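Report on the structure given below.
The values are calculated or read from the model by the stated rules, or taken from the named source; none is laboratory data. Remember, predicted model here, so these are calculated numbers, not experimental data. Cβ sites come from the backbone with ideal geometry, for glycine too, and all protein chains shown count toward neighbours.
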Amino acid sequence: MDADERDIYHYLQTFGEQFVHAKEIARRAAGKKRFGTEPEWAREPLSRMADRGLVETDMQSRFRLRPDKDHKKGKWIAPDINKILADGGVHVEGAINIEEPTE
């Protein structure tokens with residue numbers, strides 16, 4: 001992944017599963033100066049990223065990061081808070097359990 005692709009990737013991360021137009025990506029991902037000198041700079045990196053499957057596109061030439069379907073979305077909760085909630089009879093859905101380090 002080159003620098004342009006990395007800029008686009010980090011910019012698209014802020015939008016989650018929302019599609020963003022290529023012109024908007026070119027305008028905001030690398031700054032005003034870059035857009036002023038090369039307004040179409042993002043087209044080639046976006047097409048390379050789409051070929052590799054990092055981004056997906058819709059019918060209106062808007063892009064987004066490909067959602068990770070295998071990754072289970074969970075919430076981290078502090079072990080002491082989780083214990084307090086469990087003692088009170090509250091079960092937190094999707095809580096990520098982190099094991100205590102063994103010494």
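Could you tell me which residue of segment 32-50 is farthest from the chain's Cα centre (by Cα), considering only residues that are under 13 Å from residue 2 (Cα atoms) and among the charged types (D, E, K, R)?
44
I'd like to know if segment 67-82 contains one or more residues that are over 28 Å from residue 8 (Cβ atoms), at pLDDT 75 or above and β-branched (Val, Ile, Thr).
Yes, segment 67-82 has at least one match.
Taking the condition of being outside any helix (DSSP H, G or I) and surrounded by 16 or more Cβ atoms within 10 Å (Cβ to Cβ), how many residues in segment 20-32 meet it?
3
Among the residues of segment 40-60, is any surrounded by fewer than 17 Cβ atoms within 10 Å (Cβ to Cβ), in contact with a Phe, Trp or Tyr (Cβ under 6 Å, 6 or more places away or on another chain) and not assigned by TED's automatic domain parsing to the domain that holds residue 93?
Yes; the residues of segment 40-60 include at least one that is surrounded by fewer than 17 Cβ atoms within 10 Å (Cβ to Cβ), in contact with a Phe, Trp or Tyr (Cβ under 6 Å, 6 or more places away or on another chain) and not assigned by TED's automatic domain parsing to the domain that holds residue 93.
Select, from 35, 15, the only residue that is among the hydrophobic types (A, V, I, L, M, F, W, C) and either in a helix (DSSP H, G or I) or buried (at least 16 other Cβ atoms within 10 Å of the Cβ) (or both).
After applying the criteria, what remains is 35.
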